[in-house]
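Heads up: the structure comes next, in structure tokens.
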Amino acid sequence: MFYAAPSASARYNAPQTKLDKRFAQGLQFNINYPWSRALGYANNNVFARYPGPGFGPNDANREDVFVISGVCQLPFGKDRMFLSNSDRLMNYLVGGYGLSGASTWESGAHFKPTYTDQDLDNNFNGPAAAATAVQTRREHVA
């Protein structure tokens, strides 16, 4: 009987930079850049028996991520450049709107060569490989 307890560990390190700038008249920008490094164990059956080879860069981690976003409030409605003296209904209809946008650039996934044509037991001469060999010998005898 073999038991694999949740005994793996993971590491994450990331220096992060952030720049916020708010201008007059409702214009603002936000720029973020974390440079991350995440290490952990692969989430597969190999970890239970061979934890060493399964440790490496996390599959979901993207090392470089650059995000820029901005918001611009439109100049319509109460206390704005256009229609500033409008009544309550007009302010409700045209005031308080804005434009916003965001863009993200990120690096791709790590290159991890893998081999998935056979199951774990056949690859490591486990019980399934032995059973297949015995069955093959029986077929040749019959």
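The values are calculated or read from the model by the stated rules, or taken from the named source; none is laboratory data. Please read all numbers here as calculations on a predicted model, not as lab measurements. Reconstructed Cβ throughout: ideal geometry from the backbone, glycine too, with neighbour counts over all protein chains shown.
Residue by residue, here is whether (1) assigned to a helix (DSSP H, G or I); (2) at pLDDT 55 or above; (3) surrounded by fewer than 13 Cβ atoms within 10 Å (Cβ to Cβ) holds:
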residue	(1), (2), (3)
LYS78	no, yes, no
ASN91	yes, yes, no
SER100	no, yes, yes
PHE111	no, yes, yes
THR114	no, yes, yes
ASP121	yes, no, no
THR132	yes, no, yes
GLN135	yes, no, yes
HIS140	yes, no, yes
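Residue-level analysis places ALA42 among those that are assigned by TED's automatic domain parsing to the domain that holds GLY98, farther than 30 Å from TYR97 by Cα and modelled with pLDDT under 80. Just one of the numbered conditions (1) closer than 28 Å to ARG11 by Cα; (2) exposed (fewer than 14 other Cβ atoms within 10 Å of the Cβ); (3) modelled with pLDDT under 80 is not true of PHE47: (2).
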